[in-house]
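All remarks here apply to the structure that follows.
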Protein chains: 4
Amino acid sequence: MIIMKTDATEEDIQRVVEEIERSGLRADVSRGEYMTVIGPVGDERRLAFDRIATLAGVKEASMVESPYKLISRQYARFFGEPGANRTVIIGDVHLGNGEPVIIAGPCAIESRPQLMRIAEEVKGAGAQILRGGVFKPRSSVHSFQGLGAAGAEGAEEALCWLKEAGDAFDMPVVTEVRGESMVELVARYVDMMHIGARNMYDQDLLVAVARQRKPVLLKRHFGASIEELLSFSEYVAAEGNKDIILCERGIVPMGKGKSFTRYTLDLAAVPVIHDETYLPVIVDPSHSTGRRDLIYPMSCAAVAAGADGLMIEVHYDPSEALVDGPQMVTPDELRSIVDACRRLYATVKKS
Amino acid sequence: MIIMKTDATEEDIQRVVEEIERSGLRADVSRGEYMTVIGPVGDERRLAFDRIATLAGVKEASMVESPYKLISRQYARFFGEPGANRTVIIGDVHLGNGEPVIIAGPCAIESRPQLMRIAEEVKGAGAQILRGGVFKPRSSVHSFQGLGAAGAEGAEEALCWLKEAGDAFDMPVVTEVRGESMVELVARYVDMMHIGARNMYDQDLLVAVARQRKPVLLKRHFGASIEELLSFSEYVAAEGNKDIILCERGIVPMGKGKSFTRYTLDLAAVPVIHDETYLPVIVDPSHSTGRRDLIYPMSCAAVAAGADGLMIEVHYDPSEALVDGPQMVTPDELRSIVDACRRLYATVKKS
Amino acid sequence: MIIMKTDATEEDIQRVVEEIERSGLRADVSRGEYMTVIGPVGDERRLAFDRIATLAGVKEASMVESPYKLISRQYARFFGEPGANRTVIIGDVHLGNGEPVIIAGPCAIESRPQLMRIAEEVKGAGAQILRGGVFKPRSSVHSFQGLGAAGAEGAEEALCWLKEAGDAFDMPVVTEVRGESMVELVARYVDMMHIGARNMYDQDLLVAVARQRKPVLLKRHFGASIEELLSFSEYVAAEGNKDIILCERGIVPMGKGKSFTRYTLDLAAVPVIHDETYLPVIVDPSHSTGRRDLIYPMSCAAVAAGADGLMIEVHYDPSEALVDGPQMVTPDELRSIVDACRRLYATVKKS
Amino acid sequence: MIIMKTDATEEDIQRVVEEIERSGLRADVSRGEYMTVIGPVGDERRLAFDRIATLAGVKEASMVESPYKLISRQYARFFGEPGANRTVIIGDVHLGNGEPVIIAGPCAIESRPQLMRIAEEVKGAGAQILRGGVFKPRSSVHSFQGLGAAGAEGAEEALCWLKEAGDAFDMPVVTEVRGESMVELVARYVDMMHIGARNMYDQDLLVAVARQRKPVLLKRHFGASIEELLSFSEYVAAEGNKDIILCERGIVPMGKGKSFTRYTLDLAAVPVIHDETYLPVIVDPSHSTGRRDLIYPMSCAAVAAGADGLMIEVHYDPSEALVDGPQMVTPDELRSIVDACRRLYATVKKS
């Protein structure tokens, strides 16, 4: 839709109409009391709204239609999609359209024994998918960066352990991939590729990961609107890969004074995303809150809001974890979270 | 705590120490490798950190202790409080420490019949407290401002109806009070005084309302941190009135692109507030989301996160509501929300 | 503009058209490839977009036209206004359309001698309007609240001193008014009424102040968009009072980690507001940064961005100020700021 | 500094002390009226505050010292640095400590003739460094992604043109590098490596770029605090490369209602960064505002705030630009901006 200024001339209006028609669309001109509004009819994605906005007499030029049609529930039928909730299959785990799936494991893989022990314990606590970080994005150059920081070899060794642990305890595995150069290596070992919040805007990475044809877990950037998360997931879908799981993990806090959580968990994103797209959406209560004591209530809240899964960081001894200790729960705590979430899901489902 | 600059002199340090001692506190000086840190020992509220921050050589001066000791769970025992969860009694309804309490009713009171009908229907749907707006804060001078906009007489008539409806259907009543001049009038008719988000920072109103010695419902401002909400509730507590119910109702959205909700509901505020204070906390899913279809999932999520109550706007015909139609649920929808929340609460409680 | 869902029926569309026509406007229906867009033609302010948004098949309903027509530059000619930059006259000071006006004085009036001394010194430093706070909004109930906190008598005494100081040094005076009950009292003593950031949304106060028929200084709330600031200034304009000066004073900081300023000063607001309205706009570098060392550079930046004035807090001894010492400049510092700003203004004007 | 809970036991305190001593630091224990505060003495970077925060009885654990000592002005003398403003030399252009440097050119390189023409014209308008995008980060998969999107060959061709244009018109050149795999290729052709806002958190990219030993232009992420920008620039400095130029380019907008600019330009970041570090800082008025009409006033404001340079996008015909047309200025407009900024700089410098 193009809104003209109150003092736009007839020539200004005509130039906009021509620009629209040149792109193969039709222009509906609506002359109001104060201003004229021009509505393009046709596939709006073919219009350069940026360029139209620079024309004389134009006040605003913006797309009315969705910028993420490929994954949109509303547009599904125009693209031969059923539009019903999609189930993504990771290994033999079905995520979406059913009981919430629990993804759990250490924030960072520190050693083979650490990983094997946590894998066994999270399995026992009810987790279905094993996570473990190889490449850790850190704010300080002086902090532990994950075993992947030692280069491809260190990374591959840790990835081997991850696969081994998954096999040993019968869980598909997922890890964050950081940097295009690591995509193929990671894809050889994992069942799902995880794109972290900091990389949501990294379109090269999105495309490279999409092409591995494995399920993709895409986290919302902490400075991104929901619309941006959906628009960037379109980079994956445009490669023909619609096995996408979206993840809400908190946005940057706002306001003066102490922030009691690391990020602000935007749980309304869960039903909003379900309304906009047929893709499943999960919640990460660990990174969003950064507080062990909030994982339980926020996991329950996420499931009550309709989340298709949870991603939770676990360590048998949080005070020994090399990264993010304050947000780790123990395997025992995980078990009580899983139990509560299952009961809550059953209750919500009946309603 | 006062952090000195790396190049602060011994004289700078001494001046800070003297300033602290002049206020009757003791100063602990800790000399580090790069900088000196000075810790005041005693009641920090007696120190003018603002003033200390202006002294030569001072890098930062801030309070380490809580700025809201009167309502703090941590400090409760120093103030002769039990520190256990507080139950606030409104009429004969107990809020806090039990099943979530449902506050429901129209956004704005439009007429006596409208209010009586909605009161009857929300009661039937399971609500325990009746709400109804007399003074409506609006963004546009051209919108309906509530019956209170006609002055004290219009306000009193609407307040009479509210009391009448509460009596007829056996519910205590609550309404928002806007403007100190209306405080006494409103207090004559309602069982709980509601201070809206826009007025959270209005300390005169807080004090005036606190003095009515009725329960106070204080909403978090949409630009306020949790710390500020707690600090401002201290204005009420300092008047000796600790019958305070805090309410999370969303903070301003952030980020580029479309915001799918009116505000960002910060549900982690519920367990955070429960950790910081013994006061009960409720959630308003109506104003935070602004979307009728999100009231159900976010009500469930709020209860799962531990909310002590919900405040929900209801209208028998949302398309006829004079204010905020898009966020109104019908009485039937309210009933299913109440039912779901009660079942969820029972499930959470068992866990 | 009303955007229909992709699956809206012909009946849905007709109902929207009828609703628009019932309000006396015409409806332009534009049927696109995927969805239908309905544009109301006529005075959009007569439409209840809220209500239309609740109708079946409606995806979004929003106003295309400006919500603040009375003060809009674009709409000026439809309302008999010239649309050129407005000059507001305070006492004998002309603000707008010329050299930036300097408003300076203490944050809080502490005593008659304190005020008289500062008044003399800011006059000497080049200030044209004297400010001094009588009612101080504070985050903590335990802090000094201004002399007005003692009630109407304390307030009146401080207001007398303010007027006396203004007369003695030939400067019109301005103070913040907080609470409707104080409006008339304040109006008797000052040349301009200042509505603080925390009260920007207080429509009752805006209307009461507007009716005093004195110039109004309206500060942007720290959680408000520019659109909201303009919409709320319409409350003043709708009373027939267009002597409005808008003030940018910073919005709440965002992001993790240390915030080096109290608020984020949004200087682009200056040219944006100049583009949207013919009202003058000033900047408050004191409250926005909260840091004495940033007042100079941000004052210069504000003037370079086109600000019509500055509001700066001054104290002869910042370490003795009862409120906000860290953001006070001394009279000498004020003089160098004023000098720099005058030279910058001359330079910008020549360009 | 570690703040203990009010109910921490003596054993809790001892365990924290031991943890600090185990890392080779000393622990200063300060017992207050309500709580105990423990201050580590020594190099705080050796402490795992994350881990300490998980210990029993600990309320908060955080670093008091700067997380970015290598580039800090305060700590300079401890690291053998002069601490005075640093001048970064790009080709033969000196940036920092003098007249603001103008970096200008097209947003995206579209063709050799487009680039050559713009290079000539920006040189004529007073620019000293030529910019031109090869890899364009875009929100929509359906938009033009820059010539680099065609792979290494397309990228190299565009880089050749850039170098050629720089040589022809005697300007060093800069381009954004996206993706580690492109770092070496880009380094062969440019005089300065630019890391875009979206990649500020990409530590692998930062390290790879730093190792090219060319000046690095690091933009602040739109969701990042200033503290984070400084902490991430430490990744570059830790590689021994301190030829870092920081760039403020706006943070995500906040609040309800229309945002009149793409981002919120945080100009106070300029003096704040100058206070914290000796590195130069520039401003990008193009991406921050997204509006051609705001480039002039915000450029002036940036220079008045003390910016060491500006980065401005230019096109001879904004309505033909393939990317970001609405924020392009013409070469004539650039000339008047450069002229105004030079005069302003001279005025500020004299003050």
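One table, with the values for the structure above:
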read-out	value
Answer residue from region D:189-220, given it is over 17 Å from D:Lys136 (Cα atoms) and among the β-branched types (Val, Ile, Thr) and is surrounded by the fewest Cβ atoms within 10 Å (Cβ to Cβ) among those	D:Val207
Filter result (of a type in the set (Phe, Trp, Tyr) and either surrounded by 24 or more Cβ atoms within 10 Å (Cβ to Cβ) or more than 7 Å from every other protein chain (Cβ to nearest Cβ) (or both)) within region A:250-268	A:Tyr263
Region C:89-127, residues that are β-branched (Val, Ile, Thr) and not in a helix (DSSP H, G or I)	C:Ile89, C:Ile90, C:Val93, C:Val101, C:Ile102, C:Ile103, C:Ile109
Identity of the residue in region B:316-328, under 16 Å from B:Gln114 (Cβ atoms) and touching a residue at least 24 places away in the same chain (Cβ under 8 Å), that ends up surrounded by the fewest Cβ atoms within 10 Å (Cβ to Cβ)	B:Tyr316
Failed condition for D:Cys247, given (1) in a helix (DSSP H, G or I); (2) buried (at least 24 other Cβ atoms within 10 Å of the Cβ)	(1)
Odd one out for B:Val64 among (1) under 28 Å from D:Phe78 (Cβ atoms); (2) away from chain D (no Cβ under 11 Å); (3) of a type in the set (A, V, I, L, M, F, W, C)	(2)
Any hit, region B:134-146, residues being crowded, with 24+ Cβ neighbours inside 10 Å and in contact with a Leu (Cβ under 8 Å, 6 or more places away or on another chain)	yes
Residues within region C:39-53 that are within 14 Å of chain A (Cβ to nearest Cβ) and either buried (at least 17 other Cβ atoms within 10 Å of the Cβ) or within 30 Å of the chain's Cα centre (by Cα) (or both), tallied	8
Counted residues, region D:305-351 - those being of a type in the set (Gly, Ala, Ser), assigned to a helix (DSSP H, G or I) and away from chain C (no Cβ under 13 Å)	2
Condition broken by C:Arg213, with the remaining ones in (1) more than 14 Å from chain B (Cβ to nearest Cβ); (2) touching a strand residue (DSSP E or B) at 6+ places or on another chain (Cβ under 8 Å) satisfied	(2)
Number of the condition not met by D:Glu228 [criteria: (1) without any contact (Cβ under 8 Å) to a residue 40 or more places away in the chain; (2) within 11 Å of chain A (Cβ to nearest Cβ); (3) part of a loop (DSSP other than H, G, I, E, B)]	(3)
Condition check for B:Ile13: of a type in the set (Val, Ile, Thr) and under 30 Å from B:Lys349 (Cβ atoms)	no
Selection status of A:Asp339, acidic (Asp, Glu), more than 25 Å from B:Leu294 (Cα to Cα) and assigned by TED's automatic domain parsing to the domain that holds A:Ile129	yes
Any pair with Cβ under 9 angstrom, 6 or more apart, that starts in region D:210-221 at a residue that is in contact (Cβ under 8 Å) with a residue 12 or more places away in the chain and ends at one that is part of a loop (DSSP other than H, G, I, E, B) and of a type in the set (S, T, N, Q)	D:Ala210/D:Asn241; D:Arg211/D:Asn241; D:Gln212/D:Asn241; D:Arg213/D:Asn241; D:Lys214/D:Asn241; D:Pro215/D:Asn241; D:Val216/D:Asn241
Flag if C:Pro271 is buried (at least 22 other Cβ atoms within 10 Å of the Cβ) and touching a residue at least 12 places away in the same chain (Cβ under 8 Å)	yes
Residue ID - surrounded by the most Cβ atoms within 10 Å (Cβ to Cβ), chosen from residues in region D:173-188 that are among the hydrophobic types (A, V, I, L, M, F, W, C) and within 13 Å of chain A (Cβ to nearest Cβ)	D:Val177
Close pairs from region B:290-305: first of a type in the set (Lys, Arg), partner assigned to a helix (DSSP H, G or I), Cβ under 7 Å, at least 6 apart	B:Arg291/B:Pro326; B:Arg291/B:Gln327; B:Arg292/B:Pro318; B:Arg292/B:Pro326; B:Arg292/B:Gln327
Residue in region D:256-264 that is assigned by TED's automatic domain parsing to the domain that holds D:Ala304, at pLDDT 95 or above and within 15 Å of the chain's Cα centre (by Cα) present	no
C:Gln203 among the polar types (S, T, N, Q), within 14 Å of another protein chain (Cβ to nearest Cβ) and over 28 Å from C:Leu115 (Cα atoms)	yes
Any hit, region C:80-103, residues being of a type in the set (A, V, I, L, M, F, W, C), touching a Ser or Thr at 6+ places or on another chain (Cβ under 9 Å) and within 14 Å of chain B (Cβ to nearest Cβ)	no
Selection count, region C:196-227, where residues are within 12 Å of the chain's Cα centre (by Cα) and of a type in the set (A, V, I, L, M, F, W, C)	9
Residue count, region C:236-247 (criterion: at the interface with chain B (Cβ under 8 Å from one of its Cβ atoms) and in contact with a strand residue (DSSP E or B) (Cβ under 9 Å, 6 or more places away or on another chain))	0
Qualifying residue in region D:154-172 (condition: assigned to a loop (DSSP other than H, G, I, E, B), modelled with pLDDT of 85 or more, buried (at least 24 other Cβ atoms within 10 Å of the Cβ) and within 14 Å of chain A (Cβ to nearest Cβ))	no
Which numbered condition C:Gly126 misses (of (1) at pLDDT 95 or above; (2) surrounded by fewer than 18 Cβ atoms within 10 Å (Cβ to Cβ); (3) out of contact with any strand residue (DSSP E or B) (no Cβ under 7 Å at 6 or more places or on another chain))	(3)
Test result for A:Arg73, at pLDDT below 95, in contact with a Gly (Cβ under 6 Å, 6 or more places away or on another chain) and surrounded by 16 or more Cβ atoms within 10 Å (Cβ to Cβ)	yes
Count of region A:274-294 residues which are surrounded by fewer than 24 Cβ atoms within 10 Å (Cβ to Cβ) and over 21 Å from B:Tyr296 (Cα atoms)	5
B:Val283 being within 21 Å of A:Phe260 (Cβ to Cβ) and either touching a strand residue (DSSP E or B) at 6+ places or on another chain (Cβ under 6 Å) or modelled with pLDDT under 95 (or both)	yes
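Let's see how each residue does on (1) in contact (Cβ under 8 Å) with a residue 24 or more places away in the chain; (2) more than 24 Å from B:Glu228 (Cβ to Cβ); (3) crowded, with 20+ Cβ neighbours inside 10 Å:
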residue: B:Ser62; (1), (2), (3): yes, no, no
residue: B:Gly80; (1), (2), (3): no, yes, no
residue: B:Pro113; (1), (2), (3): no, yes, no
residue: B:Met116; (1), (2), (3): yes, yes, no
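The values are calculated or read from the model by the stated rules, or taken from the named source; none is laboratory data. These numbers were taken from a predicted model, which means no experiment stands behind them. Don't worry about glycine lacking a Cβ; one is built from the backbone with ideal geometry, like all the others, and counts go over all protein chains shown.
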